[in-house]
Amino acid sequence: MLIQIVKNEWRNLTADRTLWWVTFILVVAIGYGVYNGTSWVHFLERSIEEALQDEHDRLAKAQHTVANGLEPERESRSPYSARYIGRRMGLRYAYLPPGPLASLSVGQSDLYPSYFKVNTQSTQRQKRHSELENPNHLLTSRFDLAFVIVYLFPLLILALSYNLISSEREQGTLAMVLSQPVTLRQFVVSKIGFRALIVSVLVIGLSFLAFLLNGINLFGDGASGQLLRWIAIVLAYSAFWFSLAVAVNALGKNSATNAIILAGMWLLFVVVVPSAVSLVVKNLYPVPTRVEFIVASREASMDARATEARLLSVFYEDHPELLPEGEEADMEEFDTLQWAAEMKVEESLKPVLARYDEQLLKQQGQVNRLRFLSPAIVTQEALNEIAGTGLARYRHFMSGVEAFHQEWRAYFVPKIFDMYEMTGPDFDEIPPYNYVEEPQGRVNRYVRVALVGLILPTLGIFALGLFKLRSYPLTG
Amino acid sequence: MLEAINLSKVYGSGPAALDGLNLRVEPGEIFCLLGANGAGKTTTINLFLNFIEPSGGTAKVKGLDVTQKALETKKYLAYIPEQVMLYRNLSGLENLEYFSSLAGRHYEQSELFGFFEQVGLTTEEATKRVSAYSKGMRQKVGIAIALAKKAEALLLDEPTSGLDPKASNEFSGLLQKMSSEGVAIFMTTHDLFRAKETGTRVGIMKQGRLVDTFDTEGLQLTDLERIYLEHMHD
Amino acid sequence: MIRTIAYKEFLEMVRDGRLQWAAAIVFVLLLTALAVGWSHYQEISAQHELSQKTVRNQWLNQPEQNPHSGAHYGTYAVKPKTFLSSIDTGVEPYVGAAVWLEAHNQNQFEARPAEDATAVQRFGQLTAAVVLQLFLPLLIILVSFSVFAGEREQGTLRQLISLGVQPSHLAAGKALGVAGALGLVLIPAAGIGVVAMTLLTDLAAATADLGRMFLLGVFYLIYFGFFIGISLTVSARARSSRLALVALLGFWIFNGLIAPRVASDLSRMLYPGPSSFEFESGITEAIAHGLDGKSSYRDVERKRRAEVMAQYGVDNARDLPINFAGVRLQMNEDWGYEVFDKFYGDLYANFRRQNRVQQIAAVFAPFLAIRSLSMGLSGTDYYLHQDFAERAEMHRRLEIKIINDDITFKGAEAGREYVNGIDVWEKVPPFEYQVKPVSWVLGNHGLSLVILLLWFAASAGLLCWATGRIEVG
């Protein structure tokens, strides 16, 4: 890269207003995007905190009641029974804490619930506690930093470079430059390299400033490693668009045509291909509508109930407070029956649920393959992974919830069958929930592959562009 | 200094834009190439600048083949197109600094002003934005670049078209000064008067071929006119 | 004169290679989106219909038991898919398709399709609506940005004006030319799409929607008209065709990508909603301690028991000629209804306020207006979902009342041992959702329509003004 060219470019870019506009837009967009992402993360964290506070208070109260042999607040069968504690009073929340860089990409976190109630009941027909987001907002999706990077950033890059060589030719300065001992290749590389440098510094600098202003902890929990990966993805993505600008310029057309072609490429890669890929995977591996699952699970629970000998117990199962005194003897069978019924339903529904999971996994697998058709998909998915708001981390969370659920049942079910009455110290033994973060290795590997998926086409396009430069029509 | 040996250029399957040009321009010479539009004048210049590839023959600058030693030959050449285009938002000074440094020559500001002085541009004019320059002023910057480059050969394409008589005259003066310092000057033009006034030799190009060359010493304008029109009517 | 100009413009455009490519691409996208949308509609619609029937049968096939158990088992309201959802899926992926109608609880909807999809879907669905709202305007921009500016640069504009052409005729002619070129893409696509979908679908369902389809077509044409006007205006006023293109692309990005997001954020900031936890724990609290936090359901129940006993003149609840359990159950429900009405009411009202903000925001971005109108007419907007939710809830309350009355009046003798079967299940009518009339849709989206029309009028006016003061260069 020739220093003289860089110096001249700096002078030209600062005299021309484009660079100032680009900077201004970046400042506003990045600032707003990071702020938005951070507010959302705070909202999620508060929600989880409220849930955990409730859990803490409830358990403390129950422990207090039991420890001091107090009267129950409501008329219920027994506030001391393991059954009551395990099923209602003591239930815990299994939650997914937002990762340290969650503000950088809202991803799917506004769609999926970030906590689950865990008790002895089956998780299959759990009411999901997703946040109550207005569906119009879910449809629109968020103005977060990922949006700025994936959608707006390329436009700014193209605005700065669409007329890289064509403007020089149209201005007439290209002939002046090339009548000096400078090759076209040197000239182009210097020009684009300089722009790449400025833009990279701007985006990364402004982002870091935004992170600091929004109080994002850049040094906690391995965040610094992820930040480096974030920088790498952003740089790789920008390199793709810069090399595309070079290649299109190398075709030798005029500035207006370049603008149209590059705008078309942006539309193709950022809007059309992702929608098309979404369409393709949905049709390759369609996930059946959950309504079918609802019907199937109702069928199963109906079957289970029908096999119960005592219909009365079904009734009392739902209204234990209505049970008259003196019918303790029934309860043993009642509990066992209920447990058996639940287990039967769960078993019969497992294969049905598995089908949903399977199809979704296949869809994701196909997305992982097809994403290389568009750098926008690669980048968005990578940003989601880094922020911890993608499908993979969510599935990891769900398997953690399952595991905790098993642990919960392992503790409570034997006690329920034994008609066990809880005592004060027992409360300290109730399995606590601890979220275990997924191994970083997976995310790191994913990001590495994404980087390759961005860099390879970039290099190819750049090489193509440089090759095409050899036959650039200097006398236009 | 400048040498064309059987230089040809054909585009596609059409007639030759340039057909077997043989030409030499020695240091100190001012060679003016006359011809109609599309005769091949600009093609010749483009070939010397290696902006296009010859279909046949060779173009040489200081004995070096321009296609083989592209970068080196450009060190010796300076090019002034019909419209000298510079970076509009920069000053004449900044443009001179840029182009001369690309050519490998680095100067102090005072030296750069010196070049401007040589071509008749004041310091004040030199520091103004090029967007405010007249065509004549831009051409002067072009020459300043040639001077700063210490070019040994100068290629000019229709330099005086669009210049008023005074500017035209100034320009001729500059060229003559440079040729007296040993620069080989090759110039294409429509202007018969300028060709006779400025040039030491004149060539006539018709449909890609150099049909006639002769010295201007002792040549009258009317003679030149007659010869030119004769060739054009052939 | 206008026709001459229009025809020449039209010819130029259809001969332009770049435009041919762009038009072909949009055409293919449109047809693909229609085909896929329609097939998806067929499939899911059938699934939903079947599910609704199955759920009804499950309800009817319940064994003899205490009817209240039946109420606990409950039934489901499954949202039917509209024919026009094949064109515009609206918010459907993000709202649940079914809601559990059980005793004691007003539930939220389940089965959100978006949760069973990958993150790529957040880039946007490839529906006909998206193609029409986003890609077609881009085609319009491509076709129009150099109509005036390019002529100026070529020098032909000067000749044209020197002929003494009236500016308004010039404007109209150019606009018609563009519209004609656009028609080459739209008319075949729309024709093929509509005819194919109508023939392949249940004719009755399709023809019922003809009015809506017609209106949809009209509104989209108004939107395109706006874009033609604004593109030609910018082309006329910009200093160069390059600047015209940049300005128009910038507007397109702002209109279609940025404004919707900012409008969402704004509506959220102005009218923030509760967190899921706040909402649910709020309901639980209110049910336990009343809306004022101090009442007790038990007190209410005791009071009522005393009243009823007085009414029938007995001293012991067991001597009542009716089954007090039924009365108690209904009171319990009524208590709950007050709470649900408050909480869900507030939630829905807040969403409506948020959506209002988004409609108003169309003043800055007409995309928001056409999007909301399109969703509304296709029956895939949030207003319809809310209406469905309300109807489902009404059905739930009806179902519960029928059951509780059965227990109260039929179960007097048997008391706790009272069981019933198909007799009571049958009494509950099947859930049917009535299609809303177009006037209802227009009522909800009236503001959007007005704003869209204003944008159209503004663009027409601007175009005339711009051609009047055009610089010939």
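Relative to the first principal axis of the alpha-carbon coordinates of chain A, what is the inclination of helix A:391-417, with its axis defined by its Cα atoms, in degrees from 0 to 90 and to the nearest 10?
10
Near A:Lys362, which lysines are there with a Cα under 19 Å away, not counting those fewer than 8 places off in the same chain?
Partners within reach: A:Lys282, A:Lys350.
Rounded, prolate or oblate: which one fits the stretch C:171-291, using the alpha carbon gyration tensor with axes a ≥ b ≥ c (rounded when a/c is under 1.5, else prolate when a/b beats b/c, else oblate)?
Oblate is the answer for the stretch C:171-291, as a/c is 1.5 or above yet b/c matches or exceeds a/b.
Among all the lysines, which ones have a C-alpha under 30 Å from C:Lys436's C-alpha, if same-chain residues fewer than 8 places away are not counted?
Qualifying lysines at Cα under 30 Å: A:Lys127, C:Lys53, C:Lys79, C:Lys81, C:Lys342, C:Lys401, C:Lys427.
Using the Cα centre as the reference, give the magnitude of the dipole from point charges on the C-beta atoms of the stretch B:175-227 (Lys, Arg: +1; Asp, Glu: -1; all else neutral), rounded to the nearest 20 debye.
180
What value, in deg cm²/dmol to 500, does the helix sum -39500 (n - 2.57) over DSSP H runs of n ≥ 4 give at 222 nm once divided by the residues of chain A?
Counting only the DSSP helices, I get -22500 deg cm²/dmol.
Which residues does the label zone of B:Glu72 cover in the stretch B:128-151, counting backbone N under 19 Å from a point 7 Å along Cα→Cβ?
B:150-151
Between C:Thr32 and A:Asn68, take the C-beta separation as r, use R0 = 60 Å, and let me know the FRET efficiency to the nearest 0.05.
0.30
For the protein assembly as shown, what is the charge dipole size about the Cα centre, in debye to the nearest 20, if Lys and Arg each add +1 at the Cβ and Asp and Glu each add -1 at the Cβ?
4620
Under a point spin-label approximation (7 Å from Cα along Cα-to-Cβ), what is the B:His190-B:Arg105 distance to one decimal in nm?
It is 3.2 nm.
Tell me, what HN-Hα J-couplings in whole Hz come from the Karplus equation 6.51 cos²θ - 1.76 cosθ + 1.60 at θ = phi - 60° for each residue of the stretch C:302-316, using x for Gly and Pro?
The phi angles translate into 4, 4, 5, 4, 4, 4, 5, 5, 5, 4, 9, x, 10, 9, 10 Hz.
Using a simple spin-label model with points 7 Å from Cα along the Cα→Cβ vector, what separation in nm is obtained for A:Ala60 and C:Arg15?
So the two model labels end up 8.4 nm from each other.
Modelled label-to-label distance, B:Asn22 and C:Ser39, 7 Å Cα→beta-carbon offset: nm?
Inter-label distance under the simple model: 7.3 nm.
Provide the net charge surrounding A:Ile261, with neighbours chosen by a C-beta distance below 11 Å and charges set as Lys +1, Arg +1, Asp -1, Glu -1.
Its environment carries a net charge of +2.
Hey, got the average number of other protein chain Cβ atoms within 10 angstrom for residues in C:83-94?
2
What average number of partner chain Cβ atoms lie no more than 10 Å from the Cβ of the residues making up C:39-50?
Counting Cβ atoms of other protein chains within 10 Å of each residue's Cβ and averaging gives 2.
Would you mind calculating the relative contact order of the stretch C:2-468 from Cα pairs under 8 angstrom and at least 6 residues apart, reporting the percent as a whole number?
Here the relative contact order equals 26 percent.
Please label the shape of chain A as rounded, prolate or oblate, based on the square roots a ≥ b ≥ c of the eigenvalues of the alpha-carbon gyration tensor (a/c under 1.5 means rounded; beyond that, a/b larger than b/c means prolate, else oblate).
prolate
Where in the stretch C:1-19 does the label zone of C:Leu163 land, with the point 7 angstrom along Cα→C-beta and an amide N cut-off under 15 Å?
C:1-12
Peptide C:273-282: average number of partner chain Cβ atoms within 10 Å per residue?
6
Cα centroid distance between the stretch A:347-403 and the stretch A:80-144, in Å?
Cα centroid of the stretch A:347-403 versus Cα centroid of the stretch A:80-144: 17 Å apart.
I need the calculated FRET efficiency for the pair C:Arg3 and C:Leu442, taking r as the beta carbon distance and R₀ as 30 Å, to the nearest 0.05.
Taking R0 as 30 Å, the efficiency between C:Arg3 and C:Leu442 is 0.30.
State the Cα centre-to-centre distance between the stretch C:368-390 and the stretch A:416-436 in whole Å.
Here the answer is 48 Å between Cα centres.
Using θ = phi - 60° and the Karplus relation 6.51 cos²θ - 1.76 cosθ + 1.60, list the HN-Hα couplings for the stretch B:189-196 in order, rounded to whole Hz, with x at every Gly or Pro.
My calculation for the stretch B:189-196 gives 7, 9, 7, 4, 4, 4, 4, 5 Hz in order.
Can you classify the stretch C:45-129 as rounded, prolate or oblate using the Cα gyration tensor, where a ≥ b ≥ c are the square roots of its eigenvalues, rounded means a/c under 1.5, and otherwise it's prolate if a/b beats b/c and oblate if not?
Prolate is the answer for the stretch C:45-129, as a/c is 1.5 or above and a/b outweighs b/c.
Taking the Cβ of A:Asp54 as the centre, find all other residues whose Cβ is under 12 Å away and add up their charges (Lys, Arg: +1; Asp, Glu: -1).
The answer is -3.
Tell me which lysines have Cα within less than 21 Å of B:Lys140's Cα, excluding those fewer than 8 residues away on the same chain?
Leaving aside lysines fewer than 8 places away in the same chain, those within reach of B:Lys140 are B:Lys74, B:Lys75, B:Lys128, B:Lys149, B:Lys150, B:Lys166, B:Lys177.
Remind me, relative contact order of the stretch A:372-476 in percent, using alpha carbon pairs under 8 angstrom and six or more residues apart?
Over the stretch A:372-476, the number comes to 44 percent.
Between C:Asn420 and residues 5 or more places away or on another chain, which pairs have amide H atoms under 5 Å apart, with H built 1.01 Å from N, and which residues are they?
Under 5 Å from the amide H of C:Asn420: C:Gln65, C:Asn66.
Considering the options A:Leu227, A:Phe269, A:His42, tell which one lies farthest towards the positive end of the dipole of chain A, charges being +1 on Lys and Arg and -1 on Asp and Glu at the Cβ, about the Cα centre.
The listed residue farthest towards the positive side: A:Phe269.
Compute the signed sum of charges (Lys and Arg +1, Asp and Glu -1) over the other residues within less than 15 Å, Cβ to Cβ, of C:Cys464.
Within the 15 Å Cβ shell, the charges total +3.
Using Cα atoms only, what is the angle between the long axis of helix C:259-270 and the major principal axis of chain C, expressed in degrees (0 to 90) to the nearest 10?
40
Projecting each Cα onto the charge dipole of chain A (Lys/Arg +1, Asp/Glu -1 at the beta carbon, about the Cα centre), which of A:Leu164, A:Leu218, A:Trp241 comes out farthest on the positive side?
With unit charges placed on the Cβ atoms, the residue in question is A:Leu164.
What whole number of Å gives the distance from the Cα centroid of the stretch C:394-473 to the Cα centroid of the stretch C:147-175?
Computed from Cα coordinates, the inter-centre distance equals 50 Å.
Apply the Karplus parameterisation 6.51 cos²θ - 1.76 cosθ + 1.60, with θ equal to phi minus 60°, to every residue of the stretch C:236-244 and state each ³J(HN,Hα) to the nearest whole Hz, in sequence, with x for glycine and proline.
Result, rounded to whole Hz: 6, 8, 5, 6, 8, 5, 5, 5, 4.
Calculate how steeply helix C:167-200 sits against the longest principal axis of the alpha-carbon atoms of chain C, using the helix alpha-carbon long axis, and give the answer as 0 to 90 degrees to the nearest 10.
Helix C:167-200 and the main axis of chain C meet at about 40 degrees.
Every number in this text was worked out from the coordinates using simple rules, so none of it is lab data. This structure is a prediction, so every number in the text was calculated from the model and none was measured. For neighbour counting, all protein chains shown are included, and Cβ atoms are generated from backbone atoms with ideal geometry for every residue, glycine included.
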